[in-house]
1. Rule-of-thumb check for segment 518-644: C-alpha Rg over 2.2 N^0.38 Å?
2. State the answer as a single residue: which of G548, A622, G609 lies farthest towards the positive end of the charge dipole of segment 518-644, with beta carbon charges of +1 for Lys and Arg and -1 for Asp and Glu, about the Cα centre.
3. What is the Cα centroid distance between segment 675-731 and segment 267-308, reported in whole angstrom?
4. Can you sort M490, M654 from fewest to most other Cβ atoms within 10 Å of each residue's own Cβ?
5. To test your reading of the geometry: what angle, between 0 and 90 degrees and rounded to tens, separates the Cα axis of helix 892-923 from the longest principal axis of the chain?
6. Quick one: putting +1 on the C-beta of Lys and Arg, -1 on the C-beta of Asp and Glu, what dipole do you get for segment 927-1085 around its Cα centre, in Debye to the nearest 20?
7. Quote to one decimal, in nm, the extra length available between F82 and F710 on full extension: 0.36 nm per residue of separation minus the C-alpha distance between them.
8. Would you list which aspartates and glutamates come within 20 Å of K972, measuring only between C-alpha atoms, while excluding same-chain residues fewer than 8 positions from it?
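Laboratory data are not the source of any read-out in this text; all were calculated from the coordinates shown. Predicted, not measured: the structure shown is a model, and the values here were computed from it. A quick note on method: Cβ atoms are made from the backbone with ideal geometry, for glycine too, and the neighbour counts reach across all protein chains shown.
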Amino acid sequence: MNKALTLLLLVFAFIISLNVQANINRIGIDDGLPNTTIFAVVQDELGFIWLGTTDSGLLRFDGYQFIQVPLLTEQEAQQEPFTDVGVLLLDSEQQLWAGTWGQGVSRLDPSRSSLTRFLTDGYQVQSLLEADDGALWVGTTAGLFRIASDDQVSQIGSADSEQPLLHQRVWSLAKGAQGEIWIGTSQGVHRWHASAGLQVGRSLFPEAATSSRQNEARALYFARDKVWVGSRSGLLAFEPDSWQRQVFSVPGEGEYDFPPILNTIYPISSELLVIGSYEGLFQFDVINNSYKFFRQEASLLPSLNIRSVLLDKSGVLWLGTRDGGLYHTRFARSAFSELTLADLPEWQRRYELSVNSLNASQPGILWFGTSERLYRMQLSSGEISSYETSARVNRIVSSPSGQIFIATEAGLFHYLPEQDQIEPYQIPFTSFASSPIIRDMVVLPDSSIWFGLWGQGVLHYHQDSGRTRHFAEDFQRQRANEVVQTLYAMPDGRVWAGTRYNGLYLLDANEGVVQQLNLANNSWLPSNTIQCLNRDAQGVLIVCTNRGTLFWQPDTDSYKVLYASDGLASDHMLGALHWDDRTWLVSAHGLSLISPEFENIVTFTHKDGLSATELNAGAISAAADGSLYLGTLNGLSKAEPEQLWVNQQPPAPMVTAYRINHGELIPLFLHPNQAALQLQPGQNSLELNFSAMDYHDVSRNQYRYRLKGFDERWIYAAERPNAFYSNLPPGRYQFQVMASNNHGLMSDQMDVLQLEILPYWWQQTGYQLLLIVLLLLFALVAHWYRLQHIRQVNRLLKQSIEEKGEAQMLLESKVAERTKALEQSSAALSLRTRQLEKSMQQLSQSNQRLKQLNQIKDEFISTVSHELRTPLTSIRGALSLIDNKIVSPAQASYQELITAALRNSERLSELINDLLDVQKFAAGKMSLRSEHIQLQDLIVDAIAGIAEYAHRFDVAIGFNAEDHVPLVVGDKMRLRQVLDNLLSNAIKFSPPGSEVRVCLKDHGNMLQVTVADLGCGIAESFKARVFEKFAQADASDSKQVQGTGLGLVICKNIIEAHGGEIGFEANQPQGTCFWFRLLVVPTTNKN
C-alpha cells in the first residue's frame, strides 16, 4: 500500500510554555468599529473596554457596540469635529485621562459625566503616567508636563530650564521601583526623582548621529531592576546606575528589510513582556532574556502595526492596530490543537478531510478514517500511511489481540501489519448475498464481535468457534430497513443496540433480545432515534438521541434527560465518551463536557481551539496518555485534558445603555446596582442594553432579564442583549439582568436598575385624590339640588295626579265604550278574515287544479296530434299512390300499401278506443261483465295474439305458471286488454334478441301476473308519473318508441275496478317488471 505518503505536521500546545489561543478575533468596520486605527486600549473597573482612535476619538465598547464619548467641550467640538486620541490612562480613582493629538488632555470623572480639559493650546500628547503621589505626567511632542492633584500644571525639562530634556518630544513614560519616573525622548532616556529632580539623559546609541532616529525611546517599562526600552533598533535593557546596555534583536531579524520598530511594551506577568511593533506582536521572557515563539511563529499578526496592548481582567488579550482594526484572543495555553496534514499529493487534495472515525487505543498510533480512505499515523514521527477503502469508514476497532478491524459502508476490512495493507474480511458474512453496510461494531474480551448493520439488524460472530447468530427479524419486525446506528458492550457480555426508528435493544448472544426500550413502553426515553451509547464509571448508561441525552441507571431505574437548555451544545448529540471521570459529548454544534469539577455543562467550539465546531458522530477516542482525539468536518483536533481551561469566572452583567422613546442611545457608567433612571411623563417606551462584561466569546454569552413590576417571568435572550418595553404605565420598576459566559457559567449576582416613570399631573396621586374630593362635593351638591327638585316635582305631581284622577275616570268610561265597540268590530273582522282565507285557499286549490288540467290538456293535444298525424299521414300517402295510379294492383307493393293503410287505420281505432276508455273511467261509466276466468288460458291467448307483433321486434315471449292455479272473477275482455298493453310495452322497450318473461303465481289470496323485460328500465325521476295520463319517459317528437301514454292509465283503472293491485319494479339499466294482482275465487264460491 501507499506508505509514508506525506508527513503530518503536529502542532501541540506543549511546544512552548505560553501561547495565544489559535482563534484570533478581529473587530472592524463591519462590526460597528468607526475607525480601524486603535492607538490605545484600557479597561475600567466596570469591565468596559476604552479605545483611543483616530478621527472617532474616545470609544466605549461593551462587547456588542461602540459608543463615542465626547472629549471636547461643545465650543471646541464645533471648531474641531474630529478628535485623535493617542493615549489613555485610568488613574487610581478610576478617572479616565485621554491624550489627544493637538487638543491636549481630557479627564472624565468616574461617572464620565464631568469633563476637565488641560493643555488645550494645541499640544500633541504621546504618553501618560500616574506617579505615586497621584500627579499625572504628560509627554507631548513639545515637552513634558506634570498635572498635580490640585490640577496645577507645570513643565519639566523645558528647553530653557537648567536641566533640559535631550529632546522635547517625549515618546514614553515609565515608573521605576523607587518611585522615580523614566522619560523616553527622541534622543534618549531621562530619570526623574522627587528628591533629585530631572537627571542628565542617556542616549540609547551614543555612537549614532544626532540626526538619526535610532535613539528614539518609543516605549519604556521597568522590570527586574532594568529599564526596558523599545526602539527602532529592537529591544534594549539598561542597568539604571551603570547604564550598561543589552540589545535583543527580534527573532528572524534577517527576514526584514529593516529591524521592526517597537511601539509599546506591555507586561503580561512578572516574567513575560509582550511587545507591539510594526511587524506584529512579540513576547519576551525577562527571566531568560530571550524571545518566545507563538507556537512556531516569531510574532503574532506579523503583517500588522500593533500600537496598543491590553490583557483584560478575564485573560483576554486586546491588540489595537494602525489601519487594521481591533483584535482579541485568550492569552493562555490552549488544551486544543489542530492536527494538519501538510503537503498532501495533488490527487489527494480533492478529498475533504472530514474525519468520521478515530482509534487511539494503540500506543503511539492514531488511526482515523474519512469518506474513502483510512489513515495510520505515527504520533512520535508524524509519519502517515494511507489505505483506500472506496467507502466511508464508520468505525475502527482494536481487538484484545491487537488486530485492527475497519467497519465501512462496503463491508469489513482488517489490517495486515506484515504487508502494511488492509484487505476485506468476509468470514462473518459468508451467508450474506453481498457485503453489508456496517454502521458500528464492538469486540468483546472473548474475541467475539458484534456488528450493527444498515437494514440487516445485528450480527454476532465468535472468532474462535466461527459461530454466527444473525438478529435480523427482531429488528425488521417493527420497521423494514431498520438501521442499527450504535452498539455498546456491557461487562457481562451483553450488548446494547441503538436503532434509528425503534429505540434500544439489549442483546444476548444465546438468549437473543433480552429487553427493548422505546417510547411505546418507556415514556421517559426522549426519542426512538438513538445516535450513540456509552457508560460511565457508576454504570449509568448514556444514550444520545435526536431530542435530548438520557442518563439512565438500569439498576435503580433512575434517569435524567439533558437538553440544550441545560447547557449541552445541542439536543441532538452524536457521540459520547466517558474517560477519567469526565463525560464528553460531541455534536454538530461543538464538544460538551460534564465533569464533577465544574458545576455547569461546558461546551467548546472552534473559538476554543477546535479545528471546527462541527464534530462527526462517534469520532472521538482517548489515547493511553490521556489525550483526546476528535474528528471534525475540517480535520483532526487534539485535546489535552490536563491543560483544559474553563472559564470559571462568573460574568458581571450590567446595564450599559438605554434609549427612550426610540431616541438617541445614552450610555450608563454607574456601578452595578447603583444605576437609577427617572423618566418624564410620556416617556413610556424604553430600550435597555446590557452586557456580561465577558469578552471571551460574546456570541455564546446568554442572558435572562425581567422588569419587576411588569414582567411575570424571566425572559431569556440568547443572542440579542437588548430589552424593549413600550407603553409602560407610570410607576416604579426594577430591571434585573443575569448572564452566563461562553462556557455556560451563570453569574452569581444580578444587575439591578431602578426605574421610575413619572406620571402626568393628572396621573399623580395627590391630584387624583383632589379630583375625587371635588367629584364627591359636586355629587353631594348635585344630590341636594336633586332632592329639592324632587320635592317640588312631587308636589306638582300630587296635584297633577288628583286632577288626572278625575279625568282618568271619565277616560276609562269612554275607553270601555270604545273597547266594546272595537271588540265587536274585531269579531266581525275576524270572521270576514277567516272567510277570506278559506276563499283564498279554495281559489288556490282551484288555480292549482286548473294548471294541472291545462298541463294535461297540452300534453293530450300534443300526444293525440302526434299519434293521429302519424297514421293519417301513412294512410294518406298509401291511398294517394293508389288513387293517382302510381301503383297498379298488379304490383307487389300495391298490396303492401293496402296493408299499411289498414294497419294504421287499426292504430287510429285503438287510439280512439283508449281515449274513450279513459273518458269512461273518468266519468264512472265503465261497466264490467264479471265471470270466472282461468288466467292461465287468458295469458296464453294474449301471448298468441301478440306473437306476430313480438316477431316484428325480434323479441321472444316466455311463460311460466304454477300448477293448479285458482280462478279469478273479472271481465275477460278488459283483463285481456291489460295483458295486451303490458306485453306490448314490454316488447317495444326490449332490445332485439331478448325475451319477455310472463309469470303466473299465487300471492296469498291473490293471483299475481308479472311481465318482465330486459329493456332500459325506468328513470328514477319518472317513476312517480308512470301511471299518469299521457305520461311518457320520452315525450319528444323524435322518440324511439311510439305511444300515447294512456295504456298504463287504462291498465291501472281496470285492475283497480276489479279490486286488484298493479305496480312495477325497475332499476336502470336492468329492465322493468310490471305486475298486477287479482283476488282468487274462494273454494266455496267456485260454483
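1. Here the answer is 1.02, to two decimals.
2. Looking along the dipole axis, the top candidate is G548.
3. So the two Cα centres are separated by 41 Å.
4. Exposure proxy ranking, most exposed first: M490, M654.
5. For helix 892-923, the angle is close to 80 degrees.
6. Here the size comes out at about 340 debye.
7. Working it through step by step, the gained length comes to 221.8 nm.
8. Output for K972: E910, D914, D917, E931, D937, D941, D980, D1002, E1056, E1061.
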